[in-house]
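Only one structure is covered here, and it is reproduced in the block below.
The values are calculated or read from the model by the stated rules, or taken from the named source; none is laboratory data. Here the structure is a predicted model, which is why all the values come from computation and not from measurement. We place every Cβ from the backbone using ideal geometry, glycine too, and count neighbours over all the protein chains shown.
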Amino acid sequence: MLDCDEMYTNEKSNFALVYLDDAFRSADKRHNVRKLLRLGWLCCLFRSIEEQKTELWNLINPTMAESIQKADIMDFLQTLTHFVVVINKSKLFFVLKQLNNSIFSHTEMLVIDEDAVQHITPSIAYLEQAEENLSTFLGKIEKELPRRINRDDCIELFGKYGLFRSYTMREQIAGKRLATRKLDTQKEM
C-alpha cells in the first residue's frame with residue numbers, strides 16, 4: 001500500500017524512488033495518471049491471462065478504437081521498460097548505498113552486509129546491461145510494428161517479447177536470464 005507521508009518526507013524511500021521519479025510526473029511535478037496506471041497493470045496479479053490481455057488492451061486503447069497507432073504502443077512500452085530497468089536499478093543502488101554505509105558504521109553487521117552486497121552487485125550489473133540495450137530493444141520492436149495495430153497483434157507482440165511480466169521483459173532487454181532467477185513454472189503467454 002502506498003504511504004504518501006513516507007513518499008513525501010523520505011526522498012529515498014521505495015515510494016519516493018518509484019512514484020516521484022520524473023518519468024511518472026509532469027513538468028509541474030504532478031503525477032501522470034496514465035503512467036501510474038501502466039505501472040499498476042505491470043504490478044497487478046490478474047486472475048487469468050485473458051483478464052491481463054483485456055486490461056492491457058483497454059489501458060493502451062482507452063477510446064476502444066479498432067486499432068491504435070504505433071506511437072501509442074511505443075509510449076506504453078517506454079513507460080514499462082523505464083520502470084523494469086531504470087527505476088529498479090535506482091532502487092538497488094539505493095539499497096547498496098545503505099548497505100555500504102552500514103558496513104562502515106556498524107562493523108558487527110559486516111558479514112551480513114557483505115553477503116547482501118554480493119547478491120545485489122550482479123543484479124545491478126544485469127540491469128546496467130539491460131539499460132545499455134534498451135534503445136536497441138525498443139527500436140527493434142518499433143521497426144516490426146505496422147503503422148496501426150489491432151488488439152490481437154498487440155497481444156501477440158507482448159507475448160513474443162515477454163512483455164507481460166517485468167522479469168521476462170528485463171530478460172528480453174538484457175538478452176539473457178539473470179542467473180539467480182528460478183524457472184517459471186506458470187505457462188508462458
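Descriptive notes on the structure:
- Output for the stretch 9-38, where each listed residue is in contact with a His (Cβ under 9 Å, 6 or more places away or on another chain), of a type in the set (Asp, Glu) and either on the phi > 0 side of the Ramachandran plot or not in a loop (DSSP other than H, G, I, E, B) (or both): none
- Among the residues of the stretch 33-44, those that are under 18 Å from Cys4 (Cα atoms) and under 16 Å from the mean Cα position of the chain (by Cα) comprise Lys35, Leu36, Leu37, Leu39, Gly40.
- Pairs linking a residue in the stretch 1-24 that is closer than 19 Å to His82 by Cα and without any contact (Cβ under 8 Å) to a residue 60 or more places away in the chain to a residue that is part of a helix (DSSP H, G or I) and among the charged types (D, E, K, R), with Cβ atoms under 9 Å and 6 or more positions apart or on different chains, are Ser13/Glu6; Phe15/Glu6; Ala16/Glu6; Phe24/Lys35.
- Checked against (1) under 19 Å from Ser166 (Cβ atoms); (2) of a type outside the set (Val, Ile, Thr); (3) out of contact with any strand residue (DSSP E or B) (no Cβ under 8 Å at 6 or more places or on another chain), Asp28 passes all but a single condition, namely (1).
- Candidates Thr79, Thr107 - the one that is of a type in the set (Ser, Thr, Tyr) and either at pLDDT 75 or above or surrounded by 13 or more Cβ atoms within 10 Å (Cβ to Cβ) (or both): Thr79
- Of the residues screened, Arg30 is not one that is within 17 Å of the chain's Cα centre (by Cα) and under 30 Å from Phe93 (Cα atoms).
- Scanning the stretch 39-57 for residues that are assigned to a loop (DSSP other than H, G, I, E, B) and either under 16 Å from Val18 (Cα atoms) or touching a residue at least 60 places away in the same chain (Cβ under 8 Å) (or both) turns up just one, Cys44.
- Selection within the stretch 159-173: residues that are assigned to a helix (DSSP H, G or I) and among the small types (Gly, Ala, Ser). The member of this set that is surrounded by the most Cβ atoms within 10 Å (Cβ to Cβ) is Ser166.
- Residue selected from the stretch 116-158 under the condition hydroxyl-bearing (Ser, Thr, Tyr) and either closer than 18 Å to Met169 by Cα or at pLDDT 90 or above (or both), by the criterion farthest from the chain's Cα centre (by Cα): Thr136
- Flag for Phe94 being assigned to a helix (DSSP H, G or I) and at pLDDT below 85: yes
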